[in-house]
Number of protein chains: 2
Amino acid sequence: MHTEHPADGPLTPGLVFEMLQAHQRTAALKAAIDLDVFRAVGEGPGDVASLARKCSASERGIRILCDFLAINGVLIKEDGRYRHSPTSAMFLDPRSPASMHTIAQFLGNPAMREPYDRLAEIVRAGRTTLPGDGNVEPDNPIWVQFAETMAPMMAPMTGPLGALVLEGHSGPMRVLDIAAGHGLFGIEVAKQNPQAHVTGLDWAPVLRVALDNARKAGVHDRYKMLPGSAFEVDFGGPYDAVLLTNFLHHFDQATCVGLLKKVHGSLRPGGRAATLEFVPNEDRISPPMPAAFSMTMLASTPAGDAYTLSELTAMYQEAGFGGVKGHPIPMSPHTVVMGSA
Amino acid sequence: MHTEHPADGPLTPGLVFEMLQAHQRTAALKAAIDLDVFRAVGEGPGDVASLARKCSASERGIRILCDFLAINGVLIKEDGRYRHSPTSAMFLDPRSPASMHTIAQFLGNPAMREPYDRLAEIVRAGRTTLPGDGNVEPDNPIWVQFAETMAPMMAPMTGPLGALVLEGHSGPMRVLDIAAGHGLFGIEVAKQNPQAHVTGLDWAPVLRVALDNARKAGVHDRYKMLPGSAFEVDFGGPYDAVLLTNFLHHFDQATCVGLLKKVHGSLRPGGRAATLEFVPNEDRISPPMPAAFSMTMLASTPAGDAYTLSELTAMYQEAGFGGVKGHPIPMSPHTVVMGSA
């Protein structure tokens, strides 16, 4: 997030010009991913001619694109050659286990991008202009893509969330993973506790991605699928823990409270609900990443938001939970909010 | 420009995520300009309800949009109300004489935006995918819009450029302003030297904007129009000075040299050519703004570029000029390059 304050330096129109051109940065990163530039740079030697050859692209195009990436910190240019910056080596070279190049597909898909071409209209209306309920429309196919592509963004969060959920629990337990998506959060609990049984809830086509990941992790014998809408299917239970990751932000507060009541009813007494969310400070403008996430919810949902800790606490309490607490995940923009039934 | 280097802090995917979402910043600023948010904020009192009313927009939309603008330094939020940051007060409130809100129209028009939806294809091809020669297609209507809207971005450059061109010249002189656009550069010379006569060259519909500005500045009796292509019309002359502002970057080096030869032939001996350009350092990746301008030329032209001082010097010299020198304009991303015939 670009947060330099003009008061830090002389007053120039640079910030305005830069914001009006910021869309170029998204386009350049997507183009580089599409052309497999980061793999080619990682292979070396990184001169314009060999990069152009490897990427089946023009030398003029590659030179200008790679210069632009270097200006933006996702490549380094030295003596006319390009090599990885620490960020591009770890997060953009497809050969890196932490590579996030797939998330460009999700964030770049039309349902996520098109609303920004009509943002004034959305601000007027106060809700997405996508058809129906936008990204929370039942069985929206974007969630299959989310499950398939966003795992690298969420993988670093699974360990800390699993540890928080399991704290003090090593014996048999039942866990419900609502809006499981890629399934990584429930799968992590099953990996950390060999006696945990996990039920993943999501649209059926999405759960196929989760089950595939459970199989890869070797926990599929303890992974059960519950296909359907979180607002409609019977959760079963009682559960020791319910996970609600990246889900509440899509809905208005009353809808969230209704869902949390249903979650509460599915937990054993003392069982815990854990949500993973972008949680801005009470001023709603810091830290930049979680605070800016409200814009994504304005553009793509009828009434979602990035809720503050006091708002989430109030929702949990109204639904009957006690001991509500936020646990920011270090080095990430995410917070786990836990409550006890 | 977002240039923080990941080496400055812990390695997180934040920079990648931020680049993939950077297009939101452009969309938010354009939406705010379209909804006249910056005028409404300037009028006060800046609470969500009154801003929503003034902008005929929803409270949810205004709150999330204004939070996003505050995160990005172009508003300030305090006690739940929004007020101008120094940048938004000077460059975004339409009541400010330095307001740049009109440039969003130019930078946001389809010819400037659409290429970024096909940037991988452009990098492959090495040239714009816009029809014909893109933005350098004869009589392209975007240059009327440029002339009408980009003046606020260029106005701060006119004084310094005029002073450089006039240095040592107070008597009668003839000036040719090639690709005059809004005409502000030639008009400034006419204002600084009451004996200067200026000829503006551009497509006829563009020159109507320039003549209008000359009239407003009270110099239209010394302003002559030369409609047509800089590559085709007879320049006339001899001139004491020729201005070539924001023009060479649209073309390849051979084309620039050809044009500079024609300019040279239209100058009296000792007369001077002055170009205004984005001139990156020889590394082509600094300073960020002029260096990043190459991307705009890749996307919108067949063979343009942001040329370095050594490249521009070589072109001037090949065209017969001597004493070539770059004069960076303070507090701006622009450089004036001068040469003598």
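The values are calculated or read from the model by the stated rules, or taken from the named source; none is laboratory data. The structure displayed is predicted, hence computed values, not measured ones. Because the Cβ atoms are built from the backbone with ideal geometry, glycine has one as well, and the counts that use them run over all protein chains shown.
Inside segment B:249-289, residues that are part of a helix (DSSP H, G or I) and polar (S, T, N, Q) make up a count of 3.
Would you say B:V336 is β-branched (V, I, T), in a helix (DSSP H, G or I) and at pLDDT 95 or above? It is false that B:V336 is β-branched (V, I, T), in a helix (DSSP H, G or I) and at pLDDT 95 or above. Return a yes/no flag: does segment B:265-278 have any residue that is under 28 Å from A:R63 (Cβ atoms) and within 14 Å of chain A (Cβ to nearest Cβ). There is at least one residue in segment B:265-278 that is under 28 Å from A:R63 (Cβ atoms) and within 14 Å of chain A (Cβ to nearest Cβ).
Let's see how each residue does on (1) within 14 Å of another protein chain (Cβ to nearest Cβ); (2) at pLDDT below 95; (3) touching a Phe, Trp or Tyr at 6+ places or on another chain (Cβ under 7 Å); (4) closer than 29 Å to A:P205 by Cα:
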site: A:T245; (1), (2), (3), (4): no, no, yes, yes
site: A:L259; (1), (2), (3), (4): no, no, yes, yes
site: A:R284; (1), (2), (3), (4): yes, no, no, no
site: A:M331; (1), (2), (3), (4): yes, yes, no, no
site: A:A341; (1), (2), (3), (4): no, no, yes, no
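Within segment B:83-95, the set of residues being at the interface with another protein chain (Cβ under 10 Å from one of its Cβ atoms) and either farther than 16 Å from A:E18 by Cβ or in a helix (DSSP H, G or I) (or both) comprises B:P86, B:T87, B:S88, B:A89, B:M90, B:F91. Residue check: B:M100 meets all listed conditions (1) within 26 Å of B:W143 (Cα to Cα); (2) facing chain A (nearest Cβ under 9 Å); (3) in a helix (DSSP H, G or I) but one, namely (3). Scanning segment A:303-329 for residues being outside any helix (DSSP H, G or I) and surrounded by 22 or more Cβ atoms within 10 Å (Cβ to Cβ) gives a total of 5.
Pairs are defined by a Cβ separation below 7 Å, a sequence spacing of at least 6 or placement on different chains, a first member in segment A:204-233 that is under 16 Å from A:E188 (Cα atoms), and a second member that is assigned to a loop (DSSP other than H, G, I, E, B) and not small (G, A, S); the pairs so defined are A:V209/A:H182; A:A210/A:H182; A:N213/A:H182.
Can you confirm whether segment A:104-115 contains a residue that is at the interface with another protein chain (Cβ under 10 Å from one of its Cβ atoms), within 30 Å of B:R284 (Cβ to Cβ) and modelled with pLDDT of 85 or more? The answer is yes, given that some residue of segment A:104-115 is at the interface with another protein chain (Cβ under 10 Å from one of its Cβ atoms), within 30 Å of B:R284 (Cβ to Cβ) and modelled with pLDDT of 85 or more.
Among the residues of segment A:160-183, write down those that are at positive phi and either surrounded by fewer than 24 Cβ atoms within 10 Å (Cβ to Cβ) or of a type in the set (D, E) (or both).
Listed by number, the residues that qualify are A:G168, A:A179.
For (1) surrounded by fewer than 19 Cβ atoms within 10 Å (Cβ to Cβ); (2) modelled with pLDDT of 95 or more; (3) within 7 Å of chain B (Cβ to nearest Cβ); (4) not in a loop (DSSP other than H, G, I, E, B), each residue gets a yes or a no:
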{"site": "A:E4", "(1), (2), (3), (4)": "yes, no, yes, no"}
{"site": "A:P10", "(1), (2), (3), (4)": "yes, no, yes, no"}
{"site": "A:A28", "(1), (2), (3), (4)": "no, yes, yes, yes"}
{"site": "A:A32", "(1), (2), (3), (4)": "no, yes, no, yes"}
{"site": "A:F38", "(1), (2), (3), (4)": "no, yes, no, yes"}
{"site": "A:S50", "(1), (2), (3), (4)": "yes, yes, no, yes"}
{"site": "A:R53", "(1), (2), (3), (4)": "yes, yes, no, yes"}
{"site": "A:A70", "(1), (2), (3), (4)": "no, yes, yes, yes"}
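Among the residues examined, A:G218 does not qualify as modelled with pLDDT of 95 or more and crowded, with 24+ Cβ neighbours inside 10 Å.
Of the residues in segment B:51-69, none is of a type in the set (G, A, S) and farther than 20 Å from A:R124 by Cβ. Taking segment A:141-167 only, how many residues are of a type outside the set (A, V, I, L, M) and under 25 Å from A:V337 (Cβ atoms)? Residues meeting the conditions: 9.
Across segment B:119-133, the qualifying residues are those that are crowded, with 16+ Cβ neighbours inside 10 Å and more than 9 Å from every other protein chain (Cβ to nearest Cβ), and the one among them that is modelled with the lowest pLDDT is B:D133.
Restrict the check to segment A:316-329 and report whether at least one residue is within 14 Å of chain B (Cβ to nearest Cβ), touching a Pro at 6+ places or on another chain (Cβ under 7 Å) and within 25 Å of B:Q24 (Cβ to Cβ). Yes, segment A:316-329 has at least one match. Taking every residue in segment B:247-272 that is over 20 Å from B:V175 (Cβ atoms) and pairing it with any residue that is of a type in the set (S, T, Y), at least 6 positions away or on another chain, the pairs with Cβ-Cβ distances below 6 Å are B:H250/B:T301. Exactly one residue out of A:A180, A:A155, A:A147 is of a type in the set (G, A, S), assigned to a loop (DSSP other than H, G, I, E, B), under 19 Å from the mean Cα position of the chain (by Cα) and within 15 Å of A:N246 (Cβ to Cβ), and it is A:A180.
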